[in-house]
Amino acid sequence: MYGDGRVTGPKTVTVKTREGGTETFEATKAIVVATGSSTIEIPSFKFNGKNVIGAKEAVSLREVPKRLLVIGGGIIGLELGGAYQRLGSELTVVEALPNLLTGVDADVAAVVERTYVKRGAKILKNAKALGYEEQKDGSLAVRLDMGGGKTETVVTDVVLVAVGMRPNGAGVGLEELGVKVEKGFVPTDNIGQTNVPGIYAIGDCSSVPMLAHKASKEGEVVAEIIAGHKAAKDWVAVPAAIFTDPEIATVGLSEQQAKEKGLDVRIGKFPFSVLGRAMAVNETDGFIKVVADKSSHEVLGIHIVGPEATDLISEGALALEMHAFLEDIGLTMHPHPTLGEGLMEASLHALGQAVHIMNRG
């Protein structure tokens with residue numbers, strides 16, 4: 001059924017259908033809220049579905065824009081911006097913060113930025129988009145605040161606003177039933193239940209990170225609970241897959257995050273430039289980085305930028321779930337020639353036992 005739904009009782013949902021009617025459904029056991037998230041819109045760049053767009057419109061453009069300006073140098077902006085750059089668009093990225101991909105390991109993010117610039121992208125950091133004026137030829141003159149009283153104008157054909165996503169937990173009737181809603185998020189416990197028994201929430205509207213695989217796993221947990229089985233959200237870490245070019249994938253703590261927690265760490269890095277399979281497929285940009293506890297050698301985080309990073313990270317996620325140590329990965333025989341060897345090599349590098357690159361003194 002298609003329509004606008006509201007939770008109208010502990011076990012009821014009322015839907016205004018697209019045909020104009022109203023139907024009420026009664027749940028026998030529970031209600032699961034999975035309303036997702038929406039693209040954040042900037043007042044001075046209202047979406048028009050044509051040349052000022054959000055992520056939803058960006059994946060269904062009928063033509064590749066000659067010039068594309070992306071507001072926001074985060075994951076969505078660089079994924080979509082990079083895709084259109086590879087299709088031929090002249091790419092400009094405007095980011096208000098000092099760095100791209102905030103929250104991603106700085107060494108990893110730098111590889112993607114360097115690659116985009118090498119392909120001709122213009123990256124403007126510490127810059128804010130103020131507004132735009134449509135020109136006679138249909139192009140857009142975008143005004144930018146570059147800081148320090150300096151302004152700049154960039155002419156583009158399409159503006160993609162990619163400044164983040166907003167959870168859709170508010171305004172669907174939950175507040176009236178006493179369900180806690182915080183800034184659009186619907187907090188839940190370790191079985192996915194809200195503060196009101198029988199009402200559950202999963203996915204983007206429940207919590208960060210806003211990732212499809214996290215939402216799917218939460219859905220499985222809630223389904224098991226409603227069915228009367230034992231289940232819980234007890235994972236150690238949620239892997240992230242970023243489909244830039246080159247790809248990025250991470251799981252666990254970054255080097256900076258570990259240090260901020262007061263942990264002493266040892267770092268292992270192995271560049272794809274000396275990995276046989278990467279050379280064979282001519283994709284040698286990037287590296288695999290392993291963050292581990294200095295004394296115990298327990299793996300704390302794994303960060304990959306380069307070919308097939310989003311596939312390789314699954315071994316890293318398993319390592320964290322099993323509380324693996326550097327020796328567990330480094331001494332496990334990996335087949336040759338494969339990209340997966342890089343994780344073994346990076347772990348050995350952290351131990352000072354690397355064979356194919358120089359160890360630290």
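Rounded to the nearest whole Hz, the Karplus-based 3J(HN,Hα) values (6.51 cos²θ - 1.76 cosθ + 1.60, θ = phi - 60°) of region 188-199 follow the sequence 9, 8, 6, 10, x, 8, 6, 6, 9, x, x, 10, with x at glycine and proline.
Once C-alpha pairs closer than 8 Å and six or more residues apart are averaged by separation and normalised to the residue number of the chain, the relative contact order reads 14 percent. Structure remark: mean-square fluctuation, Gaussian network model of the chain, C-alpha springs under 10 Å; the largest value among H303, H229, H323 belongs to H229. Cα gyration tensor of region 240-350, axes a ≥ b ≥ c as square roots of the eigenvalues: rounded (a/c below 1.5), prolate (a/b > b/c) or oblate? It is prolate, given that a/c is not under 1.5 and a/b is the larger ratio. Working from Cα pairs under 8 Å separated by at least six residues, relative contact order for region 52-163 is 34 percent. Comparing mean-square fluctuations of V305, V93, V181 from a GNM of the chain with C-alpha springs under 10 Å, the top value falls on V181. When each of T24, T35 is scored by the number of other beta-carbon atoms lying within 10 Å, the sequence from fewest to most is T24, T35.
Label sites at K46 and K230, each approximated as a point 7 angstrom past Cα along Cα to Cβ, lie 5.6 nm apart.
Annotation: amide H of A27 within the under-5 Å range of T12, V13, sequence separation 5 or more or interchain, hydrogens built in the peptide plane. Between G301, G82, G148, the residue with the greatest mean-square fluctuation in the GNM of the chain (Cα pairs under 10 Å linked by springs) is G148. Extending 7 Å from the Cα toward the beta-carbon at both T332 and A223 defines two label points whose distance is 2.7 nm.
Between the listed residues Y84, G131, N168, the Cα displaced farthest toward the positive end of the dipole of region 61-196, a dipole computed from Cβ unit charges relative to the Cα centre, is found at Y84. Most tightly packed first, judged by the mean number of other beta-carbon atoms within 10 Å of their residues, the peptides 210-222, 249-261 read 249-261, 210-222. Considering only alpha-carbon pairs that sit under 8 angstrom and 6 or more positions apart, the relative contact order computed for region 284-330 is 37 percent.
Here the peptides 130-142, 326-338, 262-274 are ranked by packing, the mean other Cβ count within 10 Å, and the order with the highest first is 262-274, 326-338, 130-142.
For region 1-80, trypsin sites (Lys or Arg not before Pro) meeting the loop criterion (DSSP other than H, G, I, E, B) and having at most 16 other Cβ atoms within 10 Å: K11, R18, K29, K46, K50, R62, K66.
Bear in mind that the values in this text are calculations on the coordinates, not laboratory data. If you're wondering where the values come from, they're calculated on a predicted model, not measured in any experiment. Heads up, the Cβs are rebuilt from the backbone with ideal geometry, glycines too, and the neighbour counts pull from every protein chain shown.
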